[in-house]
Structure formats: C-alpha cells, structure tokens
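Okay, so here's the structure we're looking at.
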Amino acid sequence: MNTRSPTECPAWAKLAQHAESWRGVHLRELFATDPARGRVFVAEAPGVRYDYSRQRLGAITLRLLAHLAAERGFAEWREAFFAGSEVNSSEKRAAWHTALRSGEAAPRDVKETLARMKELCGRLRSERPFKRIINLGTGGSDLGPRLLADALSDGTLDVRFAANVDPRDLQRALEGAEPASTLFVVASKTFTTQETMANAAAAKQWGAKAFYAVTSNVAAAKAFGAMEILPMWDWVGGRFSVWSAVGFAAACALGFDSFEEFLKGGSEIDEHFARTPLERNVPALMALIGVWNTNFLAAPTHAVLPYSNALRLLPAYLQQLEMESNGKRVDREGRFVDYATAPVLWGGEGTVSQHSFHQLLHQGTHTVPADFIDLELDRTLSAHARAQADALAQGTDDAALPAHKQHPGNRPSSILYFEGINSRNLGRLIALYEHKVFAQGVIWNINSFDQWGVELGKELAKRILTGEH
C-alpha cells in the first residue's frame, strides 16, 4: 500500500492545477450550458439516490479524483478493511464493524450476542418488568443509540439517555421515574469511563437496583452488580459501535425486528461499497468530493442538513464520526501533514435551520459545502430542501437588485434522497457516512480508527481532581 504523502501523488498535483480552472466557473453557467447535468452527476446505492450535480466539478475532476484514489491504494485498503486486517495501525487492531451487520456471515460471537439481545429485548418489551430504560454511556456509547431511538422509537418502552457528567443530564433522564421500575444500561468498553461511571454511581445512590452492562471488562461489571453483561470487542471502535450491543437500549426502543432491519440497511451499503466501481460508488464519491472541496477548493467546514425532525440528532452523531476519525495532523507513518484533513462538520434540522444559519450559507464570506438529506416525507419539506440547494448553486444574477439582496450562488451542495424514514434507511445512511470516512482516511493517509487527541484532557482532569495539577 502507498505510504507516500498524498501530496506526492501525481494526481494531487494535477488536481491542484485543475482547481485553478474552476476559480471563474459558476454553477449557474454549468446548468445553463449542460441541460443533462442534473441527470449525469447522480449515483445510486440501495435505497438512496445521490445527486451531486450542484458540486463545483466536472467529468475531468472525477477522473482525476479516481486517479488519486488509485494512487493512494484505495482498492487494497478497502479489501484489507473488509477482510478484518489490521487497518487500525496505531492500536494494532482491525476495524471490523461491518462484521456486526453481516448476517449469516457474521462471526459466531456476534450472532450469539445478537440472539441474546433479541431475547432480552423481547422480554423487556413484552413482560414490561421496567417502565423506563436509561442508557448510561458517552461518545459512541451514547450518540448512535440516542440517534436511533430518537428517530424510530415506537413508544412501547420509555428509553432515555444520559451522557454528561453534569448531574442535570441524569436528573432529566430520571424525571418521573422510580428506582424499582427503572433499568440502567451501562455502556463502557473499559467500565472506567469517568462520565459513565459517575452517572452509574449516582444511579445507585438514587436507589437503582437493576443494571445491565455493555463492556469488555466483565469482572468490573460483575463487581458493580450488573444483572446481564453484553460484550464489546476491541475491533469495534466506539463511534462505529451502534450496530453492536451498544445499540441495545435503542433496540428496546424500536423493537428488535426493526433493529435487525437497521443492520440489513448497513449491510446493503457494505456490499455496494465493496463491489461497485468508483464512478458509481456513492460513499466513495462522497469521500472524493469532500477531498476536492477541502483540499482543492479550500472549504474548511461542511454542513449536514437533514430535512426531517426524526434525523435532528444526525449532525451531532456525524460530528464524532467524522471529526474524531479524521481530525488528525499526523499520518500513518508518524509524519506531520501539510494538507487539510477533516473539515469542521456542523449542521441542523431543516427547515428550522433556514431561520438560523442559512443566512451565512447564502450570503456569508465563507463557502460551506453542504449535504441535504431529503427523505421525501412531505412535499413542503422536499420543496424546501431542493429550493435551498438550488438557491445556493444558482444565486441571483439581477444586477438591478441592491447589494444586500443579491445572492452570489456558486456554493456547492449534494442531495441524498431516501424514500421515507425507517430502520433500513437509517442503517443505509449511517453506513454511507462510515465508508466515506474510511475512504477519506485512505486518501489523506491517516488512521481513521484511533482517537489519541481525546486522551490528554482526560488525564489532566484526573490530575486536577486528585490535586496533582
């Protein structure tokens, strides 16, 4: 596999030169001169249509990006990733979260864990021994299951989440609950995560007696008094773990049949990513277009705009997925990089965000590439999503308008179209972004599966609390 810096690849230099030819090109002109553009720059994966016609690129751009991917050894890295090879080089581990959703092909311990989850989940939903389930976790042990439950809960069980060490977070989750009828799911790989264990101790002090654990530290979970212990594996990073027992609380919220549909959706995208040629491969295209915007069009941020209340937590989920994965300044060989890696990801729920930060998107001094997510739930929602994307791309060309009413346009965006919000589509959506992250890590020659940057602050906090600092 290529260990050179991406800037040493011939395709990188050609892309940099090519980018200069795009400085004076406006999307308005591209659509005017090529009526087929909206049909050509589209790719499809199971259940999703990806329209990137409003990106500032052309066929030559895509060809050069494909050359860059080839020079970076993308095909070899992808094969190693799916084979469960040691792609997490700094921790000498696989990053095999795809195995969690691979059905009959899954490892035996994965299938056994899913069967146990199904049994426990079914009992909790049918017998109702608890009125409330509270998931105690943080980071990947919170954001994924919280998103899934918030988007798709059927109301059978009252499932809530507490992630912050601030006591108010747990207090909100406990409002109206009683100790005897509340089950806590403590999700921590090490069973030592400060925020999680502080909340677990507070739950005990409140009077809780019922605890399940999702962890790799079985001894600590037993000592704590966990009634059931579901495993976590070191080949699954926290931000990729919603497919595992970390998703147990979410499975209780939406039902295990629905959780299995979620897994199937992710598996469909795995198959697409593994086998589809680059020019039609949706997550690979998302990754390459992101590299083009970040490294060659100098866009330091990226907005994700789901036009669905059910997906209101998606930007927060993707912030961890993308920025914790690719927010790195050292490459796989330990060299400091001299090129941008992950952009700052942000966003919000449409149409609410239109009355908030869209002003900056349309008329601000920063160009912010955006992903619009249209679930085609409602004509009004879809119309707004399309209108915002068109307005960003086309702007206005009426010179008679006063300056403050003019829109420059030429601001890139893509639209991901799904038919409705359901478990399978949510699985597809999350898997798309997971594979985008991996592909960008390959291009940038960084390890997308470690997160050493979060450790220093934790250690300093411990020293402050113990009076050592």
Inset, instruction - Output yes when any residue across segment 411-422 is part of a helix (DSSP H, G or I) and open to solvent by 10 Å² or more (accessible area, probe 1.4 Å), and no when none is. - result: no
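Kindly indicate which of Val352, Val344 is within 19 Å of the chain's Cα centre (by Cα) and exposed (fewer than 15 other Cβ atoms within 10 Å of the Cβ).
The conditions single out Val344.
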Legend entry - Residue in segment 431-439 that is outside any helix (DSSP H, G or I), within 27 Å of Asn295 (Cβ to Cβ) and either touching a strand residue (DSSP E or B) at 6+ places or on another chain (Cβ under 9 Å) or open to solvent by less than 30 Å² (accessible area, probe 1.4 Å) (or both) present: no
Inset, instruction - Would you confirm whether any residue within segment 384-405 is within 21 Å of Gln55 (Cα to Cα), at pLDDT 95 or above, touching a Ser or Thr at 6+ places or on another chain (Cβ under 6 Å) and open to solvent by 50 Å² or more (accessible area, probe 1.4 Å)? - result: yes
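So which of Asp270, Asp257, Asp234 ends up being modelled with pLDDT under 95 and under 27 Å from Leu100 (Cα atoms)?
None of the other options fit; the residue is Asp234.
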Inset, instruction - Please work out which residue is nearest to Ala149 (Cα to Cα), limiting yourself to segment 112-131 and to residues that are within 28 Å of the chain's Cα centre (by Cα) and open to solvent by less than 20 Å² (accessible area, probe 1.4 Å). - result: Cys121
Inset, instruction - Could you please find all residues in segment 32-69 being open to solvent by 20 Å² or more (accessible area, probe 1.4 Å) and either basic (Lys, Arg) or in contact (Cβ under 8 Å) with a residue 40 or more places away in the chain (or both)? - result: Arg39, Glu44, Pro46, Gly47, Arg49, Arg56, Ile60, Leu62, Arg63, Leu64, Ala66, His67
Inset, instruction - Considering only residues that are of a type in the set (Val, Ile, Thr) and surrounded by 15 or more Cβ atoms within 10 Å (Cβ to Cβ), look in segment 155-186 and name the one that is farthest from the chain's Cα centre (by Cα). - result: Thr182
Legend entry - Trp22 vs. criteria surrounded by 12 or more Cβ atoms within 10 Å (Cβ to Cβ) and more than 27 Å from the chain's Cα centre (by Cα): yes
Legend entry - Gln17 polar (S, T, N, Q), in contact with a strand residue (DSSP E or B) (Cβ under 7 Å, 6 or more places away or on another chain) and at pLDDT 95 or above: no
Inset, instruction - Output the number of the condition that Ser85 fails; it satisfies all remaining conditions of (1) in a helix (DSSP H, G or I); (2) free of Cβ contacts under 8 Å to residues at least 60 places away in the same chain. - result: (1)
Inset, instruction - Among residues belonging to segment 280-316 that are in a helix (DSSP H, G or I), of a type in the set (S, T, N, Q) and out of contact with any Phe, Trp or Tyr (no Cβ under 7 Å at 6 or more places or on another chain), point out the one that is most open to solvent (accessible area, probe 1.4 Å). - result: Asn309
Inset, instruction - Determine whether segment 242-257 contains at least one residue that is more than 23 Å from Leu318 (Cβ to Cβ) and without any contact (Cβ under 8 Å) to a residue 60 or more places away in the chain. - result: yes
Inset, instruction - Scan segment 187-236 for residues that are in a helix (DSSP H, G or I) and open to solvent by less than 10 Å² (accessible area, probe 1.4 Å) and jot them down. - result: Thr196, Asn199, Ala200, Ala203, Ala221
Legend entry - segment 369-383, subset open to solvent by less than 10 Å² (accessible area, probe 1.4 Å) and in a loop (DSSP other than H, G, I, E, B), residue modelled with the lowest pLDDT: Leu375
Legend entry - Subset of segment 440-457 (residues that are more than 23 Å from Tyr52 (Cβ to Cβ) and either part of a loop (DSSP other than H, G, I, E, B) or open to solvent by less than 10 Å² (accessible area, probe 1.4 Å) (or both)): Asn445, Ile446, Asn447, Phe449, Asp450, Gln451
Inset, instruction - Scan segment 304-315 and report the pairs whose first residue is more than 15 Å from Ala370 (Cβ to Cβ) and of a type in the set (A, V, I, L, M, F, W, C) and whose second residue is in a helix (DSSP H, G or I) and open to solvent by 10 Å² or more (accessible area, probe 1.4 Å), with Cβ atoms within less than 7 Å and a gap of 6+ or a chain change. - result: Ala310/Ala151; Leu313/Arg146; Leu313/Asp150
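Tell me which residues, restricted to segment 317-334, are outside any helix (DSSP H, G or I) and without any contact (Cβ under 8 Å) to a residue 24 or more places away in the chain.
Hits for segment 317-334 are Arg329, Gly334.
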Inset, instruction - Hey, could you check segment 70-80 for residues that are over 22 Å from Lys14 (Cα atoms) and of a type outside the set (Phe, Trp, Tyr) and say which is least open to solvent (accessible area, probe 1.4 Å)? - result: Ala80
Inset, instruction - Please work out which one of (1) farther than 17 Å from Ala284 by Cβ; (2) modelled with pLDDT of 95 or more; (3) surrounded by 12 or more Cβ atoms within 10 Å (Cβ to Cβ) is the condition Pro10 fails and give its number. - result: (3)
Inset, instruction - Examine segment 345-365 for a residue that is aliphatic (A, V, I, L, M), closer than 24 Å to Gly237 by Cα and modelled with pLDDT of 95 or more, and state whether such a residue exists. - result: yes
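The values are calculated or read from the model by the stated rules, or taken from the named source; none is laboratory data. Keep in mind that this is a model prediction, so the values were computed, not measured. Ideal geometry is used to build each Cβ from the backbone, glycine not excepted, and the neighbour counts take in all protein chains shown. Just so you know, the surface numbers come from the protein's heavy atoms only, side chains and all, with ligands and any DNA or RNA stripped out. Shrake-Rupley method; radii C 1.70, N 1.55, O 1.52, S 1.80 Å.
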